[in-house]
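Novice: Can you read through this structure? Questions will come right after.
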Amino acid sequence: MVLPVKTTPTAGQAFKKFLPLFDRVLVERVAAEKVTKGGIMLPEKSQGKVLQATVVAVGPGNRVKNGDIHPVNVKVGETVLLPEYGGTKVVLDDKDYYLFRDGDILGKYTA
């Protein structure tokens with residue numbers, strides 16, 4: 001017996017052209033700061049990799065052994081902490097997005 005999968009209402013409303021499957025999360029990395037607080041311009045090599053990102057779309061979740069769906073831990077619009085390496089680069093509308101598994105995301109920032 002196959003049960004219908006319920007998607008969260010936010011999954012796909014914020015980003016209609018691409019909807020991740022299972023426990024995948026589509027994020028947009030925050031732009032690196034090019035100028036310090038003191039006004040010094042940083043060269044590209046010394047900026048480092050940005051580990052913060054904003055969640056753009058989420059999948060419905062992962063199916064567990066008993067058939068239930070384990071929902072994704074983040075929601076559209078939240079700011080998350082990413083690992084330094086990993087993720088799959090996706091280019092949509094000439095913008096770079098990254099696809100991560102829910103378990104690969106290190107944490108989320110709270111207000």
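The values are calculated or read from the model by the stated rules, or taken from the named source; none is laboratory data. Every value quoted in this text rests on a predicted model; they were computed, and no experiment measured them. Reconstructed Cβ throughout: ideal geometry from the backbone, glycine too, with neighbour counts over all protein chains shown.
Novice: Which one is nearest to PRO20 (Cα to Cα), of the residues in the range 79-95 that are part of a loop (DSSP other than H, G, I, E, B) and out of contact with any helix residue (DSSP H, G or I) (no Cβ under 7 Å at 6 or more places or on another chain)? Spell out how you get there, then give the answer.
Specialist: Quick first cut of the range 79-95, residues part of a loop (DSSP other than H, G, I, E, B) only: 82-87, 93-94.
Within this subset, residues satisfying the condition of being out of contact with any helix residue (DSSP H, G or I) (no Cβ under 7 Å at 6 or more places or on another chain) are 82, 84-85, 87, 93-94.
Numbers: LEU82: 17, GLU84: 21, TYR85: 20, GLY87: 13, ASP93: 16, ASP94: 18 Å.
Ranking the qualifying residues of the range 79-95, first place goes to GLY87.
Novice: Quick check on my filter: what residues within the range 49-80 are of a type in the set (A, V, I, L, M) and closer than 13 Å to LEU26 by Cα? Quick ask: steps written out before the conclusion?
Specialist: Within the range 49-80, the first condition is being of a type in the set (A, V, I, L, M), and the residues that meet it are 50-51, 53, 55-58, 64, 69, 72, 74, 76, 80.
Of everything in the range 49-80, those that are of a type in the set (A, V, I, L, M) and closer than 13 Å to LEU26 by Cα turn out to be ALA53, VAL55, VAL56, ALA57, VAL58, VAL72, VAL74, VAL76, VAL80.
So that you can scan it fast, the table gives a plain yes or no per residue for (1) at negative phi; (2) out of contact with any Phe, Trp or Tyr (no Cβ under 9 Å at 6 or more places or on another chain); (3) modelled with pLDDT of 85 or more:
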position: GLU33; (1), (2), (3): yes, yes, no
position: SER46; (1), (2), (3): yes, yes, no
position: THR79; (1), (2), (3): yes, no, yes
position: GLY103; (1), (2), (3): yes, yes, yes
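Novice: Then there is this: I'm trying to understand the selection: among the residues of the range 49-70, which are at pLDDT 85 or above, closer than 14 Å to ILE105 by Cβ and either out of contact with any Phe, Trp or Tyr (no Cβ under 8 Å at 6 or more places or on another chain) or β-branched (Val, Ile, Thr) (or both)?
Specialist: THR54, VAL55, VAL56, VAL58
Novice: Every residue in the range 10-31 that is at pLDDT below 75 and either surrounded by 18 or more Cβ atoms within 10 Å (Cβ to Cβ) or among the aromatic types (Phe, Trp, Tyr) (or both), please. Please lay out each step first, then the result.
Specialist: Within the range 10-31, the subset at pLDDT below 75 is 10-18, 31.
ALA11, GLY12, PHE15, PHE18, listed by residue number.
Novice: Separate question: Restricted to the range 48-64, and to residues that are among the aliphatic types (A, V, I, L, M) and within 8 Å of the chain's Cα centre (by Cα), which residue is surrounded by the fewest Cβ atoms within 10 Å (Cβ to Cβ)? Explain how you work it out, then say what you get.
Specialist: Restricting attention to the range 48-64, the residues satisfying the condition of being among the aliphatic types (A, V, I, L, M) are 50-51, 53, 55-58, 64.
Still in the running and within 8 Å of the chain's Cα centre (by Cα): 53, 55-58.
Values: ALA53: 22, VAL55: 23, VAL56: 20, ALA57: 23, VAL58: 28.
For the range 48-64, the residue satisfying everything is VAL56.
Novice: So, one more: Can you work out which of the residues in the range 88-111 that are in contact (Cβ under 8 Å) with a residue 60 or more places away in the chain and over 16 Å from GLY61 (Cβ atoms) is surrounded by the fewest Cβ atoms within 10 Å (Cβ to Cβ)?
Specialist: First, the residues of the range 88-111 that are in contact (Cβ under 8 Å) with a residue 60 or more places away in the chain: 90, 92-93, 95-103, 105.
From what's left, over 16 Å from GLY61 (Cβ atoms): 90, 92-93, 95-98.
Details: VAL90: 15, LEU92: 13, ASP93: 7, LYS95: 9, ASP96: 10, TYR97: 20, TYR98: 17.
Within the range 88-111, the match that is surrounded by the fewest Cβ atoms within 10 Å (Cβ to Cβ) is ASP93.
Novice: Using the structure shown, decide if LYS75 is among the basic types (Lys, Arg) and assigned to a strand (DSSP E or B).
Specialist: So LYS75 does not fit the description; no.
Novice: Among the residues of the range 65-78, which ones are surrounded by 16 or more Cβ atoms within 10 Å (Cβ to Cβ) and either polar (S, T, N, Q) or over 14 Å from ASP23 (Cβ atoms) (or both)? Lay out the reasoning, then the answer.
Specialist: Of the residues in the range 65-78, the ones surrounded by 16 or more Cβ atoms within 10 Å (Cβ to Cβ) are 69, 71-74, 76, 78.
Within the range 65-78, ASN73, VAL76, GLU78 meet the criteria.
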